[in-house]
């Protein structure tokens, strides 16, 4: 293992310094690409620095102090990236807010973080400040990215922020450089609030040193090459998205930035990237769309099934780097021409690999993509530890999240919990030293709350969250993530699932169905006149899911199988309080709110 001290020797002291160094190294290479009025516009690193410095000076003109928080409530777009670089260059700390955050969570984050400057993407985000007197006195300035400023002296438009920055730079050309040089690796760079699956989110303090380490460590691993292009749609409010900005600064690759999820496939086709990072649900949706694109029995469906059977047979040879038998190789070429090439074209035609993170990826989904010649490698991280693990695309090991980045130490506790130590670990929970002490020891070991194991080569496999483990009345432990992954991988209509059964005789599940897949089914079966809610309750849908459920259960141990399930007529949502803004299900809230549904899945004597 590479020692983190040696790894960071001579590395920049801060995000702003790492940004400046990247610009010095490759000023004329492309840094970012973004959509504007129907076309993609490109920025070099030098142009990015020029724009970010103007914004940084604008924040300094508004009175931004060292480590003071600037909250961003904005979707993934080039302005988010520029603001993040600007705030860090100016010595401030970015507090991230999901644009779909509800009012309670929004007020908590802005208030708890002591935000002085708030950046709103549009009028809808700006309106979230209304009616909260405590925020009126706390938030001194508001920057509005899109739209005209209302009659409020605190509000300045994007153009107004840039104008203030240009004025200050004209008076004091060195103001941004001085602010950057005042930052050390111990300076607060980012305050990210956790998803809050069990209550109000906790503020995680991540320093400049954490991001510098990630940039340097990923550069050392050479997983991504300078000059490559990634498609960046992930929420930049999330640690995974912020990591990708740091990785760019360290390595020097470019990003096509567009956070519109409904535009991902179109954007991939327009930009032809080399790689894309995503969450498992995105890859599941692509697979489900292909699997349900033609009615069962249709010629197109039979050809696709044959092609993926060939792809399945080819996997062991390709993973091991061995030559396929002549007949199999010939079949694979035909399968590629008829089926796989079309799928590759849909994702831009130039993908070297995908990276999946934020939750465990189903091995079936991973293997399905690899059958088609598209590699997905898994990484592992969490808000408190950034992203310390990722599989090397040149030596992937399916089912694992790879080996640790150089400088990160890992050990497995007696109960199977994963413990981590390294420069990417948080400084602590904001304003909560007691909670920090519960998970972070004085010598720097962080208790992740995740269960897993290391193989002989140091590859980590995640099995589940420690607190999520269920125990049936027969004394069998069940990892809900394993059960849920089996279902989402084998039932193309499922969008969300919560496995239940703690203390019960057997495992059951609450399911919601994917509106897009259901609409496609309705079209194929001439049921377009029915609403989503009506479609979810059709006996035909139930019978179809029964068949898929049997396939999913074949992948599970007898005590893990789903004996009964309920299909809701609506999806879980942020508004309902059953998912976080990052779309993770809130298990405790769901099982409490749908307690009658859960009870209906068990015998009366229970």
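For the list (1) in contact with a helix residue (DSSP H, G or I) (Cβ under 9 Å, 6 or more places away or on another chain); (2) under 18 Å from residue 462 (Cβ atoms), I need the number of the one condition that residue 419 fails.
The number of the failed condition is (1).
Condition first: more than 19 Å from the chain's Cα centre (by Cα), crowded, with 21+ Cβ neighbours inside 10 Å and modelled with pLDDT under 95. Can you find one or more residues in segment 320-335 that meet it?
No, every residue in segment 320-335 fails to be more than 19 Å from the chain's Cα centre (by Cα), crowded, with 21+ Cβ neighbours inside 10 Å and modelled with pLDDT under 95.
Every residue in segment 425-478 that is assigned to a loop (DSSP other than H, G, I, E, B), closer than 30 Å to residue 396 by Cα and under 25 Å from the mean Cα position of the chain (by Cα), please.
425, 426, 445, 458, 459, 469 - these are the residues of segment 425-478 that are assigned to a loop (DSSP other than H, G, I, E, B), closer than 30 Å to residue 396 by Cα and under 25 Å from the mean Cα position of the chain (by Cα).
State whether one or more residues within segment 591-603 are modelled with pLDDT under 90, under 23 Å from residue 483 (Cα atoms) and touching a helix residue (DSSP H, G or I) at 6+ places or on another chain (Cβ under 7 Å).
Among the residues of segment 591-603, at least one is modelled with pLDDT under 90, under 23 Å from residue 483 (Cα atoms) and touching a helix residue (DSSP H, G or I) at 6+ places or on another chain (Cβ under 7 Å), which makes the answer yes.
I need the helices (runs of 4 or more DSSP H) fully contained in segment 1-92, keeping only those with at least 3 residues that are touching a strand residue (DSSP E or B) at 6+ places or on another chain (Cβ under 6 Å).
78-89
Given the options 375, 420, name the one that is under 28 Å from residue 202 (Cα atoms), surrounded by 19 or more Cβ atoms within 10 Å (Cβ to Cβ) and assigned by TED's automatic domain parsing to the domain that holds residue 355.
Unique residue meeting the criteria: 420.
From the residues in segment 391-407 that are surrounded by fewer than 24 Cβ atoms within 10 Å (Cβ to Cβ) and in contact with a helix residue (DSSP H, G or I) (Cβ under 8 Å, 6 or more places away or on another chain), which one is nearest to residue 441 (Cα to Cα)?
My answer is 407.
Looking at this structure, is residue 206 in contact with a helix residue (DSSP H, G or I) (Cβ under 9 Å, 6 or more places away or on another chain), surrounded by fewer than 22 Cβ atoms within 10 Å (Cβ to Cβ), at pLDDT 95 or above and not assigned by TED's automatic domain parsing to the domain that holds residue 430?
Spelling it out, it is not the case that residue 206 is in contact with a helix residue (DSSP H, G or I) (Cβ under 9 Å, 6 or more places away or on another chain), surrounded by fewer than 22 Cβ atoms within 10 Å (Cβ to Cβ), at pLDDT 95 or above and not assigned by TED's automatic domain parsing to the domain that holds residue 430.
Output the residue which, of all residues in segment 110-159 that are without any contact (Cβ under 8 Å) to a residue 12 or more places away in the chain and in a loop (DSSP other than H, G, I, E, B), is surrounded by the most Cβ atoms within 10 Å (Cβ to Cβ).
Applying the filter and picking the extreme gives 149.
Only one of 339, 286, 265 is more than 19 Å from the chain's Cα centre (by Cα) and part of a helix (DSSP H, G or I); which?
Of the residues listed, the single one that is more than 19 Å from the chain's Cα centre (by Cα) and part of a helix (DSSP H, G or I) is 339.
Identify, from the list 496, 481, the residue that is outside any helix (DSSP H, G or I) and either closer than 25 Å to residue 462 by Cα or in contact with a strand residue (DSSP E or B) (Cβ under 7 Å, 6 or more places away or on another chain) (or both).
496
Residues that are more than 16 Å from residue 68 (Cα to Cα): list the strands (runs of 3 or more DSSP E) wholly contained in segment 168-250 that include at least 3 such residues.
The qualifying strands (runs of 3 or more DSSP E) are 229-232.
Restricting attention to segment 423-439, does a residue exist that is surrounded by 23 or more Cβ atoms within 10 Å (Cβ to Cβ) and free of Cβ contacts under 8 Å to residues at least 40 places away in the same chain?
no
What number goes with the only condition from (1) touching a strand residue (DSSP E or B) at 6+ places or on another chain (Cβ under 9 Å); (2) in a loop (DSSP other than H, G, I, E, B) that residue 322 does not pass?
(1)
The values are calculated or read from the model by the stated rules, or taken from the named source; none is laboratory data. Since the structure is predicted, the reported quantities are computational estimates derived from the model, not experimental observations. Heads up, the Cβs are rebuilt from the backbone with ideal geometry, glycines too, and the neighbour counts pull from every protein chain shown.
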